[in-house]
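So the structure is just underneath, and the comments pick up after that.
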């Protein structure tokens, strides 16, 4: 029996977060959905390596422009911290990409979407990437991801 795929969705806009969550749950995913990164123990503090032996999810879908941390900054921090989620299984969304932001996002080798995005394009990307997820992978227990951190200011963001 194949394990459920797990995705993490981070978006400060409730409608966008709920839409992504609904799409993923309809596909059979276990979804952990957050308004910002301070709601989960998923990301190590700045400049720290990921302390986990196993990945926390198969996919990460994040907005770019959020109050406490830009999605691009999150991707950069994850790259520095040796995040176990494959970069090709990460997607970043924004309604307002500057050329520099878009180029930076593309350098992380993740999928870049412009809001409003096509659900068909999202589904096509998921179809392609799902085929590449090993069936024997081990993920962290989701309970380990749900420890709330103290709210942070933008200057103290993860």
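All of the numbers you see were taken from the coordinates with simple rules; none came from a lab. What you see is a predicted model, and the numbers here were worked out from it, not measured in a lab. All Cβ positions, even for glycine, are placed from backbone atoms using ideal geometry, and neighbour counts span all protein chains on display.
Could you rank the peptides 10-22, 129-141, 55-67 by their average count of other C-beta atoms within 10 Å per residue, with the highest value first?
55-67, 10-22, 129-141
Compute the convex hull volume of the Cα atoms of region 6-145, divide it by the residue count, and report the result per residue in Å³ as a whole number.
Here the figure is 106 Å³ per residue.
Any idea how far apart residue 88 and residue 119 come out in nm if each label point goes 7 Å out from Cα toward Cβ?
2.7 nm
Fewest to most neighbouring Cβ within 10 Å: what's the order for 34, 93?
Listing 34, 93 from fewest to most nearby Cβ atoms yields 34, 93.
Computed FRET efficiency, Cβ-Cβ of residue 109 and residue 30, R0 22 Å: what is it to the nearest 0.05?
So, using R0 = 22 Å, E works out to roughly 0.35.
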